[in-house]
Structures are given as structure tokens and as C-alpha cells.
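The values are calculated or read from the model by the stated rules, or taken from the named source; none is laboratory data. Just so it is clear, the model here is predicted, and its values are computed rather than measured. Ideal geometry is used to build each Cβ from the backbone, glycine not excepted, and the neighbour counts take in all protein chains shown.
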Amino acid sequence: MSRIASRFAALKAEGRAGLVIYLSAGDPDPETSERLFQDLAGAGADLIEIGMPFSDPMADGPTIQAAGLRALKAGMTLRKTLAMARRMRERDPDTPYVLMGYYNLIYRYGADAFVKDAAAAGVDGAIVVDLPPEEDAELAVPARAAGFDLIRLATPTSDDKRMPIVVGGASGFIYYVAITGITGTRSAAAAAIREGVARVRRHTDLPVAVGFGIKNPAQAAEVAKVADAAVVASVLVDRIAENLNPDGTAKPGLVEAVLADVRALAAGVRGARKG
């Protein structure tokens, strides 16, 4: 059983949803970024999404766009991201790691080589935002052969006709994008999230994680009542930005400020189904 499947099975046994945390690799600098990633699990993250910095992230709002540009300016690359993941895995054998980003980076790297090197680094899967299922064979074939999870995205516009195509061949979990639009902008109503998760569940037994627009512990808890995991990203990336000096360097309290937010989010998720 993969680390992702094992983690969701453990969460189900505990009777709770999980917390998935996204940060961009290398933001605001490689050293600070690695410290953050290494401490996320201890702060309550159940799964970790490692953003692959890219210059043209079409699905992301200003917050994550800025994070990617900070990381690129600091010299972060996909190879350095994989090297960081390998060091993280040496310290943490259990927490699932998922790379998230855009196919241009993987295409330039080479799909076969990417899967091989990512798996060797201890990464468990990938979410490729701009790679539709009709066109993902170049990545999906080597991923399936390596036991590397290819996590698909479903959206509010994925109707019952489209959904079988989205979930077909997916593994790990389904990432349900709660809004139509870019990251870090608005939040979906709880009723809309419930309906969307129910629609996904009609077509797959894979766990469903909900992301885009979750900004505080209360919203994370609402998602945790109906989904298998809540994904939080932009609000934490904003916290990084708030803790930068005018020259872009990290203030001394940056790491602890972000981890405090993660702990609060984790408490919300873990308490969502009690009572």
C-alpha cells in the first residue's frame, strides 16, 4: 500500500479528515523553505504538497504567483526541489509528499525521468494542473508502472458526464477544486462543497480532498465534515510574504508564524467531526 493510501486509511480509522498543506518549494529561499517543509508534519499536516515553482502558473492567483517568482529568483529549480524532497524523506519516512505544478516543467525534464527521479527521492505522486486526462498518457504510463500516484483534479464544472473521464486512471486521491477561478481569491459555500464532493463520490471510491479558498480553521473544519481532506495553500503563502523584510529576506519569526497557522488549521480539521 502506498504512503498516500496508508495515510487515508489511517485517517478513516481515526474517524477524521486530513489536513493537506501546500507551499512553494524554495519560497522565500531554499534554506527557509526546507525548514518549513520539515516541520509541517509535526505541526499537524497529514499530507504535504510541494509546489514546483513555475514562471507562468495559470491557475494560481497573485499570492502563489509571487511565491513562485520569489523561489525562482532565489535559484530554485525542479532538480533542487527533488533534492530537497529526498532530504525531507530521509528525516520523515511516513508523511506522503505530492509534487504540484505545471506540465511544462515535467515535459522539459522528461516524463520518464521525472517519475523515476521523483519516486527515488521519496515523492509519492503528482498533481499536474494543466494536464487533462485525455492527454496525460505520456506521464500516466510511467507513473502507473512505478506505483507513482497521478492525482486528478475535479471542479464544479465536472458534471456526471465528464467525471468518469476525470477519475478514470486516477490514483491516490481526487483533488476537488471548490471554486471556478484562480487560487487565493474567494471561497465556496459549504453547500456547494457538499454537492461537489457528493458528485465526485458517485464516480470513485478514492478519497476526496478539497482545496482553493480555505482560509481559516473554521472553513477547514467545514470541509473536513464532508471531505476526506482539506487543502490549504494561499493563506500560508500570504503569511510567508507578511514575514519578509523589505529586501525579501525572511524575518526571524517567519517559520514559527507559518507553523502556528498550520497548528490552528490542524486543530480545526481534527475537531470537525467530534460530537
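Does D60 qualify as being under 20 Å from L47 (Cβ atoms) and of a type outside the set (F, W, Y)?
Values: under 20 Å from L47 (Cβ atoms): yes; of a type outside the set (F, W, Y): yes.
Yes: the conditions hold for D60.
Would you please list the contacts, defined by Cβ atoms under 7 Å and residues six or more apart or on different chains, that run from a residue in segment 159-174 that is in a loop (DSSP other than H, G, I, E, B) to a residue that is surrounded by fewer than 18 Cβ atoms within 10 Å (Cβ to Cβ) and modelled with pLDDT under 90? Pairs that qualify, where the first residue is in a loop (DSSP other than H, G, I, E, B) and the partner is surrounded by fewer than 18 Cβ atoms within 10 Å (Cβ to Cβ) and modelled with pLDDT under 90: there are none. Filtering D205, D238, D149 for residues that are under 18 Å from the mean Cα position of the chain (by Cα), of a type in the set (D, E), over 15 Å from I127 (Cβ atoms) and modelled with pLDDT of 95 or more leaves a single hit, D238.
Among the residues of segment 93-127, which ones are crowded, with 16+ Cβ neighbours inside 10 Å, outside any helix (DSSP H, G or I) and among the acidic types (D, E)? Answer for segment 93-127, where residues must be crowded, with 16+ Cβ neighbours inside 10 Å, outside any helix (DSSP H, G or I) and among the acidic types (D, E): just D124.
Hey, can you tell me all the residues within segment 1-50 that are farther than 21 Å from T249 by Cβ, of a type in the set (S, T, Y) and over 15 Å from the mean Cα position of the chain (by Cα)?
Selection gives S2, S6.
Contact annotation: residue pairs with Cβ atoms under 8 Å, 6 or more positions apart or on different chains, pairing a residue in segment 1-15 that is over 21 Å from F148 (Cα atoms) and surrounded by fewer than 15 Cβ atoms within 10 Å (Cβ to Cβ) with a partner that is at pLDDT 95 or above and among the acidic types (D, E), are K12/D228.
Right, R89: exposed (fewer than 15 other Cβ atoms within 10 Å of the Cβ) and assigned to a helix (DSSP H, G or I) or not? Judged against the criteria, R89 is not a match. Conditions first: (1) of a type outside the set (S, T, N, Q); (2) closer than 18 Å to A227 by Cα; (3) in a helix (DSSP H, G or I). A145 passes all but one, so which condition is the exception? Every listed condition holds for A145 apart from (2).
Out of all the residues in segment 3-55, which are part of a helix (DSSP H, G or I), touching a Gly at 6+ places or on another chain (Cβ under 6 Å) and closer than 16 Å to A83 by Cα? Give the derivation first.
Restricting attention to segment 3-55, the residues satisfying the condition of being part of a helix (DSSP H, G or I) are 3-14, 30-43.
Applying the additional criterion that residues be touching a Gly at 6+ places or on another chain (Cβ under 6 Å) yields 4, 11, 33.
Scanning segment 3-55 gives a single hit, S33.
Contact annotation: residue pairs with Cβ atoms under 9 Å, 6 or more positions apart or on different chains, pairing a residue in segment 260-275 that is without any contact (Cβ under 8 Å) to a residue 60 or more places away in the chain with a partner that is aliphatic (A, V, I, L, M) and outside any helix (DSSP H, G or I), are D261/V232; G268/L19; G268/A230.
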